1. Would you kindly calculate the mean projected area, averaged across all directions, of the convex hull enclosing the Cα atoms of the stretch 1-78, in square nanometres?
2. So, in nm, how far is label residue 1 from label residue 19 when the simple model puts each one 7 Å beyond its Cα toward the Cβ?
3. Counting helices only, and only those DSSP H runs with n ≥ 4, report the 222 nm mean residue ellipticity of the chain as the sum of -39,500 (n - 2.57) divided by its residues, in deg cm²/dmol to the nearest 500.
4. Between residue 82 and residue 122, what is the label-to-label distance in nm when each label sits 7 Å out along the Cα-to-Cβ direction?
5. How do 71, 62 line up, fewest other C-beta atoms within 10 Å first?
6. Taking the Cβ of each residue in 31, 1, 151 as the centre, tally the other Cβ atoms inside 10 Å and list the residues starting with the fewest.
7. Assuming 0.36 nm per residue, please report the length gained on full extension of the stretch residue 40 to residue 129 beyond their Cα-Cα distance.
8. Per the Cauchy relation, a quarter of the hull surface: what is the mean projected area of the convex hull of the alpha carbons in the stretch 58-119, in nm²?
Ligand SMILES: [Fe+2]
């Protein structure tokens, strides 16, 4: 007989949390991939600052996706960060492929960060109904991304 797995949440609550956190996981991984795409292909006078800033954003996104995946597994469900799961679960449209000018990068990344934040805030609402611990994790992640959105937007908003 298999050893008993101790459950943190009821099955219904767990499914609610895990389904919502899988959409966050897919969106965070996709956001990091698209930030790298922009990091490589940016051209223009603000190349250096945006090229470097994109890596800072990725350094924030990657540990965040790791924390979300590990929270899903902590709740007893396998995390799915495979390509088909990303394609199905992401909240983001794919950024233009090919070279991008610096304005396109600043606006395109701000747009996608905003969508990522929207996805996480929606999940905070869903998850928070049944699991304050997962909610707390998402709140920490979204705070960092909102700060990054401020910095990216400051590239093109007028004083
Ligand atoms: Fe690089």
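1. Numbers: hull surface 25.4 nm².
Computed as one quarter of the Cα hull surface, the answer is 6.4 nm².
2. With each label point 7 Å from Cα toward Cβ, the separation is 3.2 nm.
3. Working: 5 runs with 115 residues, N = 159.
After summing the helix terms and dividing by the residues of the chain, the value is -25500 deg cm²/dmol.
4. Between residue 82 and residue 122, the label points sit 2.4 nm apart.
5. On the way: 71 22, 62 15.
Ranked by crowding around the Cβ, least crowded first: 62, 71.
6. Numbers: 31 28, 1 3, 151 13.
Neighbour counts put them in this order, fewest first: 1, 151, 31.
7. On the way: separation 89, 0.36 × 89 = 32.04 nm, distance 4.03 nm.
Value of the extension gain: 28.0 nm.
8. Values: hull surface 20.6 nm².
For the stretch 58-119, averaging the hull's shadow over all directions gives 5.1 nm².
Every read-out reported here was derived from the displayed coordinates using simple, explicitly stated rules and does not represent laboratory data. Keep in mind it's a predicted model, so treat the numbers as computed, not measured. With ideal geometry, Cβ positions are generated from the backbone for all residues, glycine too; neighbour counts draw on all protein chains shown.
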